[in-house]
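The next block holds one structure in the form of structure tokens; read it before the comments.
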Amino acid sequence: MANFAYGYVSPVTRDGVESALSLLTIVFADGRFRTLFCLVFGAALVIQYKAHNKGVDNLFVIKSRLCVLGVFGVLHGYLLWPGDILLNYALSGLLALLWLDAKHRLLSVALLTVLPVILLVILSILVSEPGFDRSSAEYATLLSSLPVSYAELLSENISHFNMMIILIPLATLWNTLGLMLLGMELYERGWFSGKAFVSGKMMWAWWWGSVLASLLIWSNNETILGQMLETLNWLAAIPMALCYLILMQAIHQLWPKLGQVLAIVGRYSLSLYLLQSMVGILVFHFLFPATRVSFTRVEYFGFFLALTLLQVILAILLDRAKKTGPAEYLLKRCVQRLSHM
């Protein structure tokens, strides 16, 4: 959130902690949670469809919810953070509804997850950008162009989010759709209730493949090869996300109280996601703009942990007070209005 255009720019000298956090981020975080959320989102569509009577009315409610979510995404992308995921989720979810009653989805999953990656690899070859660090002239130019007022931030957001909207139908929409279809298929086959979709040995092989691919990307992250491999990280994220699903099931069984906390956070996920953007923009652009220059991975990681803890505490307090999250409340009211039109 400190810098959308170029992301994190490495310092000139990197210590062991910086390098270790970089490696851990690529192996366990980059694209992993996005993939996990897409899988869960796809499963949730099936659950919503089956929880109520199948039919036109139920589909209308689901479609209405997705349309309102898309509007939230557009407002979020333009007003706060152009890296919004809500619009992409909404559009992909609307397309995923076409597969609700499909018997076989795995071929569609394979095509939709792999083909966009191939396209982006080709684009990365055609349009390669040289890497730079904090001592370069490019970084100095970047610092001089950072917004210092909300008007400047809004202008920058409009430009960046317009580019994101163009990119959605080119690649990210289809990859996200493929992941949602995989989530739907996993739910239908009982993965979310503990049934094995593949053997344990196969799962371990996929996990090690994901780790090795991430290590290859990390070791070449400042080369043209690394830029090409970075897109392949979308595929490497899938086995790790599946492992996270297994881990969440284990947590729910072994530590039910911790599993309950995760469920509570999930109920307020939309409000917490928007809060995360508001806090990030407020801190990095208005309260402490100098952090955009001074923060390293260590400080960003500390900020992430503090913000995550704040979000968990807030979700628990809202749950104990039996309050609906503001974004969830607004989403529900908008869907109700659409249903009565």
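The values are calculated or read from the model by the stated rules, or taken from the named source; none is laboratory data. Not measured: the values here are computed from a predicted model. We place every Cβ from the backbone using ideal geometry, glycine too, and count neighbours over all the protein chains shown.
Where helices (runs of 4 or more DSSP H) sit wholly within region 217-311, those with at least 3 residues that are surrounded by fewer than 16 Cβ atoms within 10 Å (Cβ to Cβ) and out of contact with any helix residue (DSSP H, G or I) (no Cβ under 8 Å at 6 or more places or on another chain) occupy 224-254, 256-267.
Screening the candidates 140, 171 for the property of being surrounded by 18 or more Cβ atoms within 10 Å (Cβ to Cβ), part of a helix (DSSP H, G or I) and modelled with pLDDT under 80 yields one hit, 171.
If the condition is being under 13 Å from the mean Cα position of the chain (by Cα) and of a type in the set (S, T, N, Q), then region 60-90 contributes only 88.
Conditions (1) of a type in the set (Asp, Glu); (2) closer than 23 Å to residue 78 by Cα; (3) part of a helix (DSSP H, G or I); (4) not assigned by TED's automatic domain parsing to the domain that holds residue 104, marked per residue:
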position	(1), (2), (3), (4)
160	no, yes, yes, no
165	no, yes, yes, no
186	no, no, yes, no
206	no, no, yes, yes
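Considering only residues that are free of Cβ contacts under 8 Å to residues at least 60 places away in the same chain and in a loop (DSSP other than H, G, I, E, B), which ones fall in region 9-31? Once the filter is applied, which keeps residues that are free of Cβ contacts under 8 Å to residues at least 60 places away in the same chain and in a loop (DSSP other than H, G, I, E, B), region 9-31 yields 13, 14, 15, 29. Might you let me know whether region 43-63 holds any residue that is buried (at least 20 other Cβ atoms within 10 Å of the Cβ) and not hydrophobic (A, V, I, L, M, F, W, C)? No: region 43-63 contains no residue that is buried (at least 20 other Cβ atoms within 10 Å of the Cβ) and not hydrophobic (A, V, I, L, M, F, W, C). Pairs are defined by a Cβ separation below 8 Å, a sequence spacing of at least 6 or placement on different chains, a first member in region 56-68 that is in contact (Cβ under 8 Å) with a residue 12 or more places away in the chain and on the phi > 0 side of the Ramachandran plot, and a second member that is buried (at least 16 other Cβ atoms within 10 Å of the Cβ) and aromatic (Phe, Trp, Tyr); no pair meets this definition. For residue 176, state whether it is closer than 19 Å to residue 113 by Cα and at pLDDT 90 or above. It is true that residue 176 is closer than 19 Å to residue 113 by Cα and at pLDDT 90 or above.
Among the residues of region 312-331, write down those that are assigned to a helix (DSSP H, G or I) and exposed (fewer than 12 other Cβ atoms within 10 Å of the Cβ). 313, 317, 320, listed by residue number.
Residues in region 135-149 that are in contact (Cβ under 8 Å) with a residue 60 or more places away in the chain and not polar (S, T, N, Q): 139, 142, 143, 146, 147, 148.
Residues in region 91-101 that are under 18 Å from the mean Cα position of the chain (by Cα) and in contact (Cβ under 8 Å) with a residue 60 or more places away in the chain: 91, 92, 93, 96. The set of residues in region 229-250 that are more than 17 Å from the chain's Cα centre (by Cα) and closer than 21 Å to residue 176 by Cβ comprises 229, 248. Determine whether region 185-192 contains at least one residue that is within 21 Å of the chain's Cα centre (by Cα), at pLDDT 80 or above and over 25 Å from residue 104 (Cα atoms). For region 185-192, residues within 21 Å of the chain's Cα centre (by Cα), at pLDDT 80 or above and over 25 Å from residue 104 (Cα atoms): absent. Filter region 1-59 for residues that are hydrophobic (A, V, I, L, M, F, W, C), modelled with pLDDT under 90 and over 30 Å from residue 290 (Cα atoms) and give the result. Correct list: 51, 56, 59. Screening region 193-220 for residues that are closer than 22 Å to residue 40 by Cα and of a type in the set (Gly, Ala, Ser) and picking the one that is modelled with the highest pLDDT gives 210.
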